[in-house]
Amino acid sequence: MNCSRMDVNMVMLDRLAGRSVAEAHVMDYELILFDADGTLFDYDRAERHALEKACRMHRLEYSERLLERYRKINSALWRQLEEGFITSAEIRVERFRSLLCELGLDAASAPELAQDYLSHLAQGAYLIDGAEEICRYLAPNYRLAILTNGIQEVQTSRFQASPLVPYFDRLIISEEVGFSKPRPEIFEYAMNALGHRCRSTTMIVGDSLTSDMRGGINYGIATCWYNPQARENDMGLEVDHEIYSLDQLGRIL
Ligand SMILES: [Mg+2]
């Protein structure tokens, strides 16, 4: 069945069921793509924990200041990945090489530090408040999938260790696809993998304007910006929905 035919049929079914077209419009999403980090998973906590452990193993003094320096380096590198200038495989070591250089230390141990950090990060399956509840609420009525820019072994391990597994059809990781959000190829890959061709019944939920919202808008699916810090939308992107806590998704879906 093609997309427009299916939409017409859904409206007819809704009319038969006594629902108005306006109500039907709110209800017509079928596939929800979730970003992982900062949306369902508390990445900040996992990152802090992993860095602290890795530093201890390598006799580096951990501090909040060190964490801030690491985060600055790391987020600049992930921004470069979104632009297609660097791969996630390169990021793994480069962020630690840069950090050690900034600290005036020998960067020869960067690959080992990177590996120890990843091992600990892979165990950090901490969830954002309300993540499990909203997924449990949505799963009976929507198809759910995760679309994440990240390192395959880390994302797979954290997802598998989380209580979210039963609610999701697929976990799609940029490293396995070869393209990252906001590139349309990763959205296309997800739709193909899920056998869902209808963009108008698909929505992405994510905390990043640069990858999730820009990617969703460019690909032509609905967008829901999860914005818990009430940040300013400084990219001028026209998102369809904005929520400040995950339970507010229940008002849209
Ligand atoms: Mg995110």
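A short reminder: the numbers here are calculations on the coordinates, not readings from a lab. All values reported here derive from a predicted model rather than from experimental measurement. Cβ coordinates were reconstructed from backbone atoms using ideal geometry, including for glycine residues, and neighbour counts include every protein chain displayed.
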If you take the square roots of the eigenvalues of the alpha-carbon gyration tensor of the chain and sort them as a ≥ b ≥ c, do you get rounded (a/c under 1.5), prolate (a/b over b/c) or oblate? prolate
Cα centroid distance between the range 149-186 and the range 236-251, in Å? 22 Å
Projected onto the charge dipole of the range 43-121 (unit charges on the beta-carbon of Lys, Arg, Asp and Glu, signs +1, +1, -1, -1), the Cα from Leu66, Ala76, Leu118 with the largest positive-side position is that of Leu66
Average Cα contact separation per residue, the chain, under 8 Å, 6 or more apart, as relative contact order %: 22 percent
Computed label-point distance, nm, for sites Arg79 and Ala107 using a 7 Å Cα→Cβ extension: 1.9 nm
Rounded, prolate or oblate: pick one for the range 174-221, where a ≥ b ≥ c are the square roots of the eigenvalues of its C-alpha gyration tensor, a/c under 1.5 means rounded, and failing that, prolate if a/b is larger than b/c, else oblate. oblate
With charges only on Cβ, +1 for K and R and -1 for D and E, what is the dipole size of the chain about its Cα centre, in debye, rounded to 20? 260 debye
How much FRET efficiency would the formula 1/(1 + (r/R0)^6) give for Ala161 and Asp234, where r is the Cβ-Cβ distance and R0 is 51 Å, rounded to 0.05? 0.90
Per-residue Cβ neighbour rank within 10 angstrom, fewest leading, Leu40, Leu138, Leu113: Leu138, Leu113, Leu40
Quick one: if you stick a label point 7 Å off each Cα along the C-beta vector at Asn218 and Ser245, how many nm between them? 3.4 nm
Sorted by chain and number, the residues with a modelled amide H under 5 Å from that of Leu127, at a separation of 5 or more or across chains, are Asp42
Run the paramagnetic zone check for Asp169: 7 angstrom along Cα to Cβ, then residues of the range 26-50 with backbone nitrogen under 14 Å. 29-34
If each residue's Cβ is checked for other Cβ atoms within 10 Å, how do Met203, Met235, Met191 rank with the fewest at the top? Met235, Met191, Met203
Looking at the chain, send over the antiparallel percent of its DSSP beta bridges, to the nearest 5. 5 percent
Neighbour-count ranking [beta-carbon atoms within 10 angstrom, fewest first] of Phe187, Phe34: Phe187, Phe34
